1. Could you pull out every whole DSSP H run in the chain that spans at least 27 Å of Cα extent along its own axis and averages -0.5 or higher on the Kyte-Doolittle scale?
2. Where the centroid of each part is defined by its Cα atoms, how far is segment 71-103 from segment 135-174 in Å?
3. Given contacts defined as C-alpha pairs under 8 Å and at least six residues apart, what's the relative contact order of segment 36-121, whole-number percent?
4. Within the set of other residues whose C-beta is less than 14 Å from the C-beta of LEU99, count the net charge using Lys and Arg as +1 and Asp and Glu as -1.
5. As a test of the formula, what do you get for the chain when each DSSP H run with n ≥ 4 contributes -39,500 (n - 2.57) and the sum is divided by the residue count, at 222 nm and rounded to the nearest 500 deg cm²/dmol?
6. Over all Cα pairs of segment 130-215, how is the pair count split among 10 Å bins, expressed in % and running from 0 up to the last occupied bin?
7. Just to be sure I understand the model, the point goes 7 Å from the Cα along the line to the Cβ. What's the resulting ALA29 to ARG150 distance in nm?
8. What's the longest piece of the chain with no exposed GluC sites (Glu not before Pro), counting a site as exposed if DSSP puts it in a loop and it has at most 11 other beta carbons within 10 Å?
Amino acid sequence: MAGSGAELLARVRREIGGGENLLVPLIAAGQAPVETLRAFAAEEFHIVRSDWRAFLALAAQSNVQAQREFFSTVASGEGLALAKLRDFAAATGLSDDDLATYRPLPGCQSYPAYVAWLTLNGDPHDALLAILANFAEWGGYCAAIAKALREHYGFDAEGTAFFDFFAEPAPELDALGLRALDDVLATGWTPDRAIGYARLLHAYELSFWNTLAHSRESATPAP
């Protein structure tokens with residue numbers, strides 16, 4: 001028995017934990033060059049648009065109401081975040097043309113590619129657990145980056161809005177995700193495959209951060 005959604009989610013997060021994010025401490029200390037921030041913005045420009053479509057597709061595939069609502073809400077958030085991301089990119093010196101012509105790094109794009117793979121090849125129930133298991137760390141990373149951008153890089157509220165948006169606690173969304181997971185468990189679904197998917201998604205997220213940490217100037221657009 002998997003128990004409640006909350007119990008399952010806590011267990012999976014413990015199992016997939018580990019690995020070091022090399023980039024966030026650099027940004028937090030003000031040691032990451034602006035070129036890295038530009039690359040971050042350009043990579044996220046591709047990621048947000050891909051995840052937005054993937055979450056909408058998962059919502060359309062879902063036959064559990066709370067699950068459909070969860071994916072629709074997350075997709076809506078990606079749409080709101082895209083405008084804020086453009087403001088962050090502009091604050092680093094990037095134009096819309098720079099974003100459009102940027103050549104993404106494979107190690108950064110493995111995360112959205114796998115989300116898209118889950119959307120096409122996985123069960124929406126499996127995708128729900130994998131995505132929920134990896135949500136918590138992202139908010140903490142964004143909070144640390146927003147603080148660093150203000151303190152070390154001189155960004156204003158518009159320039160940090162993308163990170164502030166994701167750093168803000170979202171108890172209603174968290175509750176909806178847990179309700180969706182409970183409802184999915186009630187269908188008789190078992191999380192055996194989903195735990196493996198969650199572990200891969202966690203590894204691909206770390207790949208995003210650490211690729212940028214190791215490739216600070218590679219393929220980085222100049223303003």
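The values are calculated or read from the model by the stated rules, or taken from the named source; none is laboratory data. Because the structure is a prediction, the values reported are computed rather than measured. Backbone-built Cβ (ideal geometry, glycine too); neighbour counts: all protein chains shown. Calculation scope for accessible area: heavy atoms of the full protein, side chains included, ligands and nucleic acids excluded. Shrake-Rupley method; radii C 1.70, N 1.55, O 1.52, S 1.80 Å.
1. Once both thresholds are applied, what remains is 34-61, 65-92, 124-152, 192-214.
2. If you average the Cα positions of each part, the centres end up 14 Å apart.
3. 44 percent.
4. -1
5. Helix-only estimate at 222 nm: -26500 deg cm²/dmol.
6. Percent of pairs per bin, in order: 15, 34, 32, 14, 4, 0.
7. For ALA29 paired with ARG150, the spin-label model returns 2.3 nm.
8. After excluding every exposed loop site, the longest remaining stretch is 21-216.
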